[in-house]
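Colleague: The structure that follows is given in the form of structure tokens.
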Amino acid sequence: SVDTGMGLERVTAVLQHARSNYDTDLLRPIINVCEELSGYRYEGSRFDMPHQGADAQYIHDVAMRVIADHSRAMSLIIADGVLPGSEGRAYILRRIMRRAIRHGRNLGLHEPFLRLTAAKTIDVLGACYPELHERKDVILRVVEAEERKFHETLDAGLSILSKEVERLPKGAPFPGAAAFLLHDTYGFPLDLTQDALKAHGRIVDIAGF
């Protein structure tokens with residue numbers, strides 16, 4: 001792991017003859033929850049955006065990978081005593097949760113769902129990380145509260161982003177002022193806006209931001 005980057009997930013993928021880390025028993029059970037909640041199937045064979053643009057299957061696959069990865073991260077971070085906030089590691093936690101929530105919209109998930117993926121994370125990793133079981137109630141309560149709070153502003157922010165993209169000339173960057181409005185008023189960090197714009201083939205005017 002330290003010397004070559006061959007960490008636990010990659011060793012597991014080799015031993016389980018999996019196509020990727022996401023097909024191992026470390027992450028696939030969480031992806032299965034996403035499939036059940038959304039009704040979409042995880043295909044999982046592509047990891048680079050298709051040349052013709054992001055089609056529906058690719059968007060769904062990426063969303064499920066992001067949610068699975070971030071659900072595991074947020075569960076372990078909260079178990080370590082960190083709560084979502086606006087500074088330092090607390091802000092990192094909030095950002096990964098909000099990114100997972102936004103990707104949930106790509107699966108048609110408009111109601112809080114991270115509590116369910118966090119619960120599956122605890123089932124998968126709890127034997128190795130007993131603190132997940134010990135703090136399960138806290139983890140699920142914090143996750144649900146943060147998600148409900150963000151859902152209140154997510155629709156408005158995504159609507160502003162989509163309308164702004166529709167007005168832009170072909171190939172034009174997303175205005176820095178609009179990206180700052182999303183950040184300052186709607187709680188969209190710059191990287192969340194950049195992530196949302198990938199499907200539109202746009203970048204943010206960083207200098208303007």
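Colleague: Being under 17 Å from Val66 (Cβ atoms), open to solvent by 80 Å² or more (accessible area, probe 1.4 Å) and either modelled with pLDDT under 95 or in contact with a Gly (Cβ under 6 Å, 6 or more places away or on another chain) (or both) is the filter here, so list the residues in the range 6-54 that pass it.
Modeller: Passing the criteria: Phe47, Asp48, Met49.
Colleague: Pick out the one residue from Glu152, Glu164 that is at pLDDT below 95, among the charged types (D, E, K, R), over 19 Å from Asp69 (Cα atoms) and crowded, with 16+ Cβ neighbours inside 10 Å.
Modeller: When all the criteria are applied, what remains is Glu164.
Colleague: Looking only at the range 77-92, count every residue that is more than 15 Å from Lys149 (Cβ to Cβ) and in a loop (DSSP other than H, G, I, E, B) and tell me the total.
Modeller: 4
Colleague: Here is a check on your reading of the model: is Asp137 part of a helix (DSSP H, G or I), more than 20 Å from the chain's Cα centre (by Cα) and at pLDDT 90 or above?
Modeller: yes
Colleague: Of Ala119, Ala100, Ala68, which residue is in a helix (DSSP H, G or I) and in contact with a Phe, Trp or Tyr (Cβ under 8 Å, 6 or more places away or on another chain)?
Modeller: After ruling out the rest, the residue left standing is Ala68.
Colleague: Quick one: which of Gly208, Gly201, Gly157 is in contact (Cβ under 8 Å) with a residue 12 or more places away in the chain and under 18 Å from the mean Cα position of the chain (by Cα)?
Modeller: Gly157
Colleague: Filter the range 167-193 down to residues that are of a type in the set (Phe, Trp, Tyr) and assigned to a helix (DSSP H, G or I) and give me whichever is surrounded by the fewest Cβ atoms within 10 Å (Cβ to Cβ).
Modeller: Once the filter is applied, the top-ranked residue is Phe180.
Colleague: Please list, ordered by first then second residue, the pairs with beta carbon atoms under 6 Å, 6 or more apart or interchain, first in the range 162-185 and over 10 Å from Phe209 (Cα atoms), second open to solvent by 70 Å² or more (accessible area, probe 1.4 Å).
Modeller: Between residues of the range 162-185 that are over 10 Å from Phe209 (Cα atoms) and residues that are open to solvent by 70 Å² or more (accessible area, probe 1.4 Å), the close pairs are Val165/His200; Pro173/Ile203.
The values are calculated or read from the model by the stated rules, or taken from the named source; none is laboratory data. None of these values were measured; they are calculated from a predicted model. Virtual Cβ from ideal backbone geometry, glycine too; neighbours counted across all protein chains shown. Please note that ligands, DNA and RNA were not included when accessible areas were found on the heavy atoms of the full protein model with its side chains. Shrake-Rupley method; radii C 1.70, N 1.55, O 1.52, S 1.80 Å.
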